[in-house]
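The values are calculated or read from the model by the stated rules, or taken from the named source; none is laboratory data. Predicted, not measured: the structure shown is a model, and the values here were computed from it. Cβ coordinates were reconstructed from backbone atoms using ideal geometry, including for glycine residues, and neighbour counts include every protein chain displayed.
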Amino acid sequence: MAAKRKAFQALKRLTTVAYYTAVDARGANPSWAALGYPGPLGPAPQVPKPIRPLAVAGDTALDCDVVVIGSGAGGGVVAGELAAQGKDVVVLEKGAYLNESDFSQLEGEMLERAYDGGGLLATDDLSAIILQGSCLGGGTVVNYTTSFHTPENVREEWARDHGLPHLTKPEFTRSLDAVARRIHVTTDAARPSARDTILIRGLERCGWHHGLLPRDVDRCTQDDTCGYCGYGCRRGAKQSTLLTYLQDAHDRGARIVTHANVRRVTLTQGRATGVEALVQPPGAHRGYALTVRAKAVVVACGSIHSPALLLRSGVSLPALGRHLALHPATAVLGDMEEPVRPWTGTVQAHYSDQFADLDQGYGFKFETAPMHPSLFALAVPWESGAAHKQAMTRLSQTTLCGILLRDRDGGRVRVDRAGNPIVRYRLSRYDAGHMRRAFAAAGELLEAAGAKEISLPLARRVAYRPGPGARERWLSELDRVGMGPNQMLLVTFHQMASCRMGASAKTSVVDAQHQVWNVPRLYVADASVFPTSSGVNPMLTIMGMAHRAAGIIGAEL
Ligand SMILES: Cc1cc2nc3c(=O)[nH]c(=O)nc-3n(C[C@H](O)[C@H](O)[C@H](O)COP(=O)(O)OP(=O)(O)OC[C@H]3O[C@@H](n4cnc5c(N)ncnc54)[C@H](O)[C@@H]3O)c2cc1C
């Protein structure tokens, strides 16, 4: 059954995503009219590209002080801060340089151009879809702008249980505050979308916590022209590292190479001395070898590719690739009387921490997120063509209560023969218990908010119309149908902790100075150094850690 479920999900995902995202010569999809979905809101604006990446037109060798691999939340900040210290910095990014002019708002095209693996990456059994940005600016270009400071209880847990006292000190708070200032984090841009309005209504009627989301935007209109932010912000309101730290780095002379896939870190007598990359510029007939010699190497490829790169480079530590946390995310859907148009409005504006601490800081958050046709198609079951079609045509009346689980038990990143990452992750019994609590609470919330039908994101249709005993029967049905691999939609937007920081080479990959144990001058500065999952959307924590890492690396040089 497990193999059949896997094959079925592979087929369902590929066909439905292709079906709802393919466009004709006019740039439209024939199904959108039936869904009430408008597609892109006009052509992309013409905005000049202020960064000039270094052109690589043949095999090339570069020398620098620091080479930074990956340009997302971690790499972008390290590059910007080290360049501000006057260091000679080279940034290598495997993705393309995309800006406002490229953000076509077409789901298929943007998944293909801005996301790793065209948005189709998944764990080895396909049970969790892995969404991560892969372009200049990494995840910060496509993410939903939520910018939480690291919660105090998590800082204390990391300090206490992982031997990292600096994480509770003012030094780290100063780093978090500095990055929050640079990317303009405020709670002033939290105008509720229709999705948020329903979420807030449900939370208030249940008497549960809700709060405004801090966001890293400047002049975000938060109106019906928003909601396509997961495919890049056309207004340039989102303060990604592309618009902030990478621009700073570039303005201070850093060299930035795009389409540069780093294959190995060069180790000479046990020290990191540079990297070897393959550069494949668009339209070039062949790739070029790029060798960078550097006094320090900073790995910031994200929590899937950073351990893979270290493994390919011959680093051997027991914790390398282990403890991968994913914040498994899913949603309960509510069919509403009112129009929702769940793809529009502020990307996410409100959240609830009512159930964030069910057990020693582990639990779940409620948030919403824009739902465009392909995401909805992933959540809607396929029991027959007619049933699928009927559910899909309810898109514009459907809301979602998003569940973001703080997972306690991790997975693992290994590499295949070619050195590419393979991700193994199974929801543990403990974490699945919290997920079931989340389904029950989300059902209660949507019922209170006035949903006329509530359904689970399962491979089978499990739905109920509110009435006496209906929710209890729905939960029994959930237990009967099951929440195992490929029986339930799981998406990870937050990959963490696969090169975790700690106090010993036996249990962690980097020390408190971000240096890989026993490998001088090799640093990691991205979400992979989290000791465990952060419990909140991780961007600001990553940036705060990277800010501190840049201070350490600069001083060391
Ligand atoms: C759709 C979406 C929404 C999200 N919303 C939020 C949110 O609202 N708030 C929040 O806090 N977080 C959010 N996140 C998560 C957040 O964006 C990520 O946690 C964060 O960007 C991770 O930072 P990082 O530095 O670890 O890696 P990334 O930002 O992923 O950067 C890694 C970069 O390294 C590059 N790379 C990888 N391998 C190589 C290689 N071998 N050579 C060269 N380059 C390489 C990649 O192309 C990528 O650009 C979201 C993520 C997604 C996908």
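Let's see how each residue does on (1) in contact (Cβ under 8 Å) with a residue 40 or more places away in the chain; (2) more than 26 Å from Ala356 (Cβ to Cβ):
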site	(1), (2)
Ala387	yes, yes
Gly410	yes, no
Arg429	no, no
Arg437	yes, no
Ala440	no, no
Restricting the stretch 20-69 to residues that are touching a Phe, Trp or Tyr at 6+ places or on another chain (Cβ under 7 Å) and of a type in the set (D, E, K, R), the residue that is surrounded by the fewest Cβ atoms within 10 Å (Cβ to Cβ): Asp59
Matching residues in the stretch 153-175 - criterion: being acidic (Asp, Glu) and touching a helix residue (DSSP H, G or I) at 6+ places or on another chain (Cβ under 8 Å): Glu156, Glu171
Residue count, the stretch 438-466 (criterion: acidic (Asp, Glu) and not in a strand (DSSP E or B)): 2
Whichever residue in the stretch 69-110 is within 15 Å of His514 (Cβ to Cβ) and hydrophobic (A, V, I, L, M, F, W, C) and, among such residues, is nearest to the ligand (Cβ to nearest atom): Ala73
Criterion (outside any helix (DSSP H, G or I), more than 30 Å from Asp357 (Cα to Cα) and hydrophobic (A, V, I, L, M, F, W, C)) met by exactly one of Leu111, Leu54, Leu82: Leu54
Filtered residues of the stretch 230-268 (kept if within 15 Å of the ligand (Cβ to nearest atom) and in a strand (DSSP E or B)): Lys238, Arg255, Ile256, Val257, Ala260, Asn261, Val262, Arg263, Arg264, Val265, Thr266
Residue within the stretch 205-215 that is over 23 Å from the mean Cα position of the chain (by Cα) and outside any loop (DSSP other than H, G, I, E, B) present: yes
The stretch 515-557, residues that are within 18 Å of Gly75 (Cα to Cα), more than 16 Å from the ligand (Cβ to nearest atom) and in a loop (DSSP other than H, G, I, E, B): Arg521, Leu557
Subset of the stretch 467-502 that is assigned to a strand (DSSP E or B) and among the hydrophobic types (A, V, I, L, M, F, W, C) - its residue that is farthest from Lys365 (Cα to Cα): Met501
The stretch 409-422, residues that are among the charged types (D, E, K, R) and under 18 Å from the mean Cα position of the chain (by Cα): Arg412
Failed item, numbered, when Ala512 is tested on (1) outside any loop (DSSP other than H, G, I, E, B); (2) buried (at least 17 other Cβ atoms within 10 Å of the Cβ); (3) hydrophobic (A, V, I, L, M, F, W, C): (1)
Qualifying residue in the stretch 113-136 (condition: modelled with pLDDT of 95 or more, more than 19 Å from the chain's Cα centre (by Cα), buried (at least 19 other Cβ atoms within 10 Å of the Cβ) and more than 9 Å from the ligand (Cβ to nearest atom)): no
Failed criterion for Gly402 (all others in (1) within 17 Å of Val462 (Cβ to Cβ); (2) outside any loop (DSSP other than H, G, I, E, B); (3) not β-branched (Val, Ile, Thr) hold): (1)
Hits in the stretch 178-229 (condition: out of contact with any His (no Cβ under 6 Å at 6 or more places or on another chain) and of a type in the set (Val, Ile, Thr)): Ile183, Val185, Thr186, Thr187, Thr197, Ile198, Val217, Thr221, Thr225
Residue match in the stretch 141-160 (condition: near the ligand (Cβ under 10 Å from one of its atoms), on the phi > 0 side of the Ramachandran plot, crowded, with 21+ Cβ neighbours inside 10 Å and assigned to a helix (DSSP H, G or I)): no
The lone exception for Val462 - which of (1) surrounded by 18 or more Cβ atoms within 10 Å (Cβ to Cβ); (2) in contact (Cβ under 8 Å) with a residue 60 or more places away in the chain it fails: (2)
